[in-house]
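Here's the structure, in C-alpha cells; my notes come after.
All of the numbers you see were taken from the coordinates with simple rules; none came from a lab. All values reported here derive from a predicted model rather than from experimental measurement. As a convention, Cβ positions derive from the backbone with ideal geometry for all residues, glycine included, and neighbour counts pool all protein chains shown.
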Amino acid sequence: MDIPKEIFLKDYKLPDYYFDTVDLKFSLGEEKTIVSSKITVFPRVEGSSPPLVLDGHDLKLISVKVNSEELKDKDFHVDSRHLTISSPPTGTFSLEIVTEIYPQKNTSLEGLYKSSGNFCTQCEAEGFRKITFYQDRPDIMAKYSCWVEGDKSLYPVLLSNGNLIEQGDLEGGKHFALWEDPFKKPCYLFALVAGQLESRDDIFVTRSGRKVSLRIWTPAQDLPKTAHAMFALKAAMKWDEDVFGLEYDLDLFNIVAVPDFDMGAMENKSLNIFNSKLVLASPETASDADYAAILGVIGHEYFHNWTGNRVTCRDWFQLSLKEGLTVFRDQEFSSDMGSRTVKRIADVSRLRNYQFPQDAGPMAHPVRPHSYIKMDNFYTVTVYEKGAEVVRMYKTLMGSQGFRKGMNLYFKRHDGQAVTCEDFFAAMRDANDADFANFLQWYSQAGTPLVKVTSSYNAEARTFSLKFSQEVPPTPGQPVKEPMFIPVALGLLDSAGKDMPLFSVYHDGILKSITSNNQPVYSTVLRVTKKEEEFVFPNIIEQPVPSILRGYSAPIRFESDLSESDLFFLLAHDSDEFNRWEAGQILARKLMLSLVADFQQKKPLALNPKFVHGLRSILCDSSLDKEFIAKAITLPGEGEIMDMMEVADPDAVHAVRSFMRKQIAAELKAEFLTTVENNRSSEEYVFNHPNMARRALKNVALAYLASLEDEEITKLELHEYRTATNMTEQFAALAAIAHNPGKMRDEVLADFYNKWQHDFLVVNKWFALQAMSDIPGNVENVRNLFNHPAFDLRNPNNVYSLIGGFCGSPVNFHAKDGSGYQFLGEMVVQLDKINPRVASRRVSAFSRWRRYDETRQTLAKAQLEMIMSTNGLSENVFEIASKSLA
Ligand code: PHE
Ligand code: ZN
C-alpha cells in the first residue's frame, strides 16, 4: 500500500473558493442512487480563478457542467479521490455535478447507506465526499436545499435538514419531498433519511413563544419505546434556554433511530440520527444506565445546535471546540437533572479509566491534535472528555456568571462562522477581562500533568503552607513540556471536620485577599502555573486537613502527603462530596497496589480492617445519598490500577480485586443482605434520582454478595432475577448469577436469551455480559458467540458488545497464552474489510502493549505486525497500528 499521507494543523490554508447555495437532488433506487448537485461558487479572492479541487470517494461521475455547459474531458480531471476543474470562470459561477452511488453495497456506514431497509446518511467527519464531489471541509458553509424522490411504498417517509417546502406524488409509484435549510452549514451536518418509519410527535413552546414540532422516528413497533427520549429532548430544550439563554431556531426538530450506526449519535441540522440504543427504552428492556445515557446523548446532540452547528469548527483539528464544549454542556445538564456529585464521580472515573491510559500511550495527542492520517481516529476520549475538562476549568476559574458572559460573547462574535479553539479562549478572556496566563497549553500539550503537593503547618506563625510541583510527562512528538495553568480548588478542614473561614493567601510573598464581598470563603481556587510554587494561608488557628482539588478542578494526576488518617477523616467529613468519594478511592488504590505487591511476592493477602470499617460506616449511613454510597463502596477498576503500575500485571490486579471483593462481602454480608432487602422495588419503575439510587445500591450489594459463591446467595439471586419487574434489576441479578461458572449460570443465561431474543438491544446486553466475563478461558465462549445467529459483524453494536466487551476483561483479553490477542487480531482483519472506522477503534486495545511483561509484549506485537502486513489495510487501521508499533 502507499504510505498514507499525514495532515498537519500548521498547513491549514483558507479555501480558494466558497459555496453560497447548494441544491441537491437524490433519486433513490434499488440498484443505484443518482445524486445531482447545483452549487453557486465564488472565489475567495475576487478576480482569481485557480483550479477548483473537489473531494470525492467511491463515486461514479456522470456529468459536470459549469454555467450550464457540459465540461469537455480536457477541462477536468478525476482520480480516486478528487475532481479537479482546471480553469474555472472568474467571478461567481454555477457548478452542476451528477454522480451515481450504491448505498445498498455500502457497509462503511458513512455517506449514504442502508440500515434495516431504510436509507440514512452519516457525513461527519468526511463522509459527504461519498455522496457527491464537494469541498468536504467544515469551513465551507452554504445554504442547502434537498429534493428527495423514491418509491412511495418502500420509502413513505422522506426527510432532510430544515423545513419541508413541498411534497407530492410522481409517476411510476414514486413521490418526492423538497426540504430547505435556511441556516448556512458545513456539509458534515447534511442528512437524509428515507424509509418506513413512524413518529412520536410532540410540541415544545420556546420561551419567546414559538411552537416547535418534535418528531422521533422509528419503525412502528418501537414507537412505545420513545417516550423517555421525547422527555429528554424537551428537558434539554428547556435547560438550554434556562442556563444559557439559547433557543431552538427552526419550527421542526427530527430524531431518527437506526440500528446500524458507528457512534452514539449525530447532530445533523434539525435531523439528528441516533444509534437506536440511545433512543429506545422501556423499563422492561432498558437499564437505568441506558436511561441516563439517553438523557445525556439526546441533550448532547440537541446542544450541538448552538455549539457545533450555529458556530462550527474551522478545520477538524478544532474538533474539541464543539465536542469538548458540548460534552461539558451535556454533563452539566445531566447533573442538573440528577445528582451533581454522582455525575461528577462517573465522569471522573471515565476520564481515569479511558483517557489517562490514552494520554500515557502511543496514541497520546493534545485536545487539539497537531496532525492526523484519518480524522475518524481522533474522535477520542482526549478530544471529548479531556476537552470537556478544559471547558470546565474556565467555569471553575470564572464562576457560572463569568462563564455565561464568555459564552454570550462567543455567540455574539461567531454565530454563523467556522472558528478555532483560540476564538473560544479569546471570548472567555475578553468577556471577563481575565488573565489566563498559559492556559492555551491545555490545547496543545498532550499527557496528564502530575501534580504533587506537600503541606506544613507552623503552629507559632499560624500559617499553613502548600507547596506544589508539577510535571507533564513526555508524549510522542513532545519530549519536553512547559508547566500548565492548573486551577486547584480547595478548602481546609478544622478538627471538627468543618471548613475553616479563609480570608487571604500569600503567593510569591504577596498577600492576596480571597474574600467575597468582604466575607470569608470556605473554598477557594488557587492558580498553579509554575513548575514549583508555594501558597501560604495566614491566621490558621489549628492544624487543618486540606481538601485539595475539590470537585476534581483539573484533569491531572495528583499526589499529596496526606496520611491514611487524614484520608479517613476526609472520607467522613469533607463538605465536598466529590472529595469524600475521592479520599475513599485514594485509600483503596493504595491498598490495592500494596496487595498487588504482596501477591507478586507470593505473600498471603490480608485486608486492612480499617478499610472495611470505613466501607461499613458509609454503607450504613442513612444520611447519605444511596447512589453516592454505591459509588463510594465500589473499588477502583482493574484498568485504573494497572495504569498506576510500572509493569501492568493483569493477573495480579485481578486476583487482588477479586480477593478484596470477596473479603468485603464476607465481612459485610449481613449489611449487604439488609441492603438488598430494604431496597427492593415497591412500585412501578420511575426514572428519577431517588429510585435509580435505590436500585444502584441494591445492585452493588448483590454484586458483592455474588462473589461469596454460597447457596443461600444463589437462591437470593435467582429470586431477584425471577421477580424483577425492570431490566435494571433483572440484569443485575443475571450478572450476579453469571459471576460463577456452572449449570445455574448456563441455564439462566439461556432463559434470558429465550425471553429477549426478539429485542436486539437486549440481546446486545446478553452478548456483552458474557464477553466481559472473568471466567477462565472465556475466549472460547466468545468465539462461539461470534457464530451465534444473532451476531452480525456488520452491526457496530454487536461488535462493541462482543469484541469491545471481551477487551474490557483484562484477565481474558491479556491471557498469557495470547489467545485473547489472537482473537482480536483476527477480528480486526475481518472487520476492516467491512467497516474501517469500527475496526480501527478496536485496534486501540493493543496500543499499550509495551505496558505488559515481555511474554505479553511479544504476543501482542506479533498481532499488530500481522495486522500491518494485511493486504488492503485501511488508512484508519494503519494509523493506529503503525503508531502503536512506533
Ligand atoms: N458528532 C457526533 C457527536 O459527538 C459524533 C460522531 C462523529 C458521530 C462521527 C458519527 C460520526 O455528537
Ligand atoms: Zn458531539
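Quick look at the values:
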| item | result |
| --- | --- |
| Antiparallel bridges, percent of DSSP beta bridges restricted to the chain (to nearest 5) | 80 |
| Average Cα contact separation per residue, the chain, under 8 Å, 6 or more apart, as relative contact order % | 8 |
| Per-selection Kirkwood Rh - the stretch 497-536 (Cα, Å, 1 d.p.) | 11.2 |
| Whether the stretch 745-886 is rounded, prolate or oblate, judged on the alpha carbon gyration tensor where a/c under 1.5 counts as rounded | oblate |
| The chain - convex hull of the alpha-carbon atoms, volume per residue in Å³ | 174 |
| Cα Rg, Dmax, the stretch 562-616, angstrom units | 12.4, 41 |
| The stretch 69-151: relative contact order as a whole-number percent, Cα under 8 Å and 6+ apart | 17 |
| Rounded to 10°, Cα long-axis angle of helix 577-600 versus longest principal axis of the chain | 80 |
| Pairs of alpha carbons in the stretch 1-158 whose separation is greater than 28 Å (percent) | 23 |
| Cβ-based net charge around Gly308, under 11 Å, with every Lys or Arg adding one and every Asp or Glu removing one | +1 |
| Å³ per residue enclosed by the Cα convex hull of the stretch 184-327 | 116 |
| Separation of alpha-carbon centers, the stretch 818-853 and the stretch 599-676, rounded to whole Å | 31 |
| Helical contribution to [θ] at 222 nm, DSSP H n ≥ 4, -39,500 (n - 2.57), averaged over the chain, rounded to 500 | -11500 deg cm²/dmol |
| Dipole of the chain, positive direction: furthest Cα of Cys620, Pro156, Trp239, with charges on the beta-carbon | Cys620 |
| Options Leu749, Met660, Asn691, ranked by Cα towards positive dipole end of the stretch 629-778, top entry (Cβ charges) | Asn691 |
| Environment charge of Val98, counting only residues whose C-beta is closer than 13 Å and scoring Lys/Arg +1, Asp/Glu -1 | +1 |
| Net dipole in debye of the stretch 553-664 [+1 Lys, Arg Cβ; -1 Asp, Glu Cβ; about Cα centre; nearest 20] | 560 |
| DSSP loop GluC sites (Glu not before Pro) with at most 16 other Cβ within 10 Å excluded, longest remaining stretch of the chain | 710-886 |
| Net charge dipole size for the chain [Lys, Arg +1 and Asp, Glu -1 on Cβ; Debye, nearest 20] | 720 |
| Cα-centre dipole for the stretch 382-521 with unit charges at Cβ (Lys and Arg positive, Asp and Glu negative), debye to 20 | 200 |
| Which listed pairs, of Lys755/Lys816; Lys130/Lys765; Lys386/Lys883; Lys5/Lys38; Lys10/Lys481; Lys74/Lys130, have C-alpha distances above 27 Å, in listed order | Lys755/Lys816; Lys130/Lys765; Lys5/Lys38 |
| Radius of gyration, Dmax [the stretch 349-446; alpha carbons; angstrom] | 14.5, 40 |
| Top positive-direction residue, dipole computed over the stretch 315-419 with Cβ charges, set Gly406, Thr326, Ala388 | Gly406 |
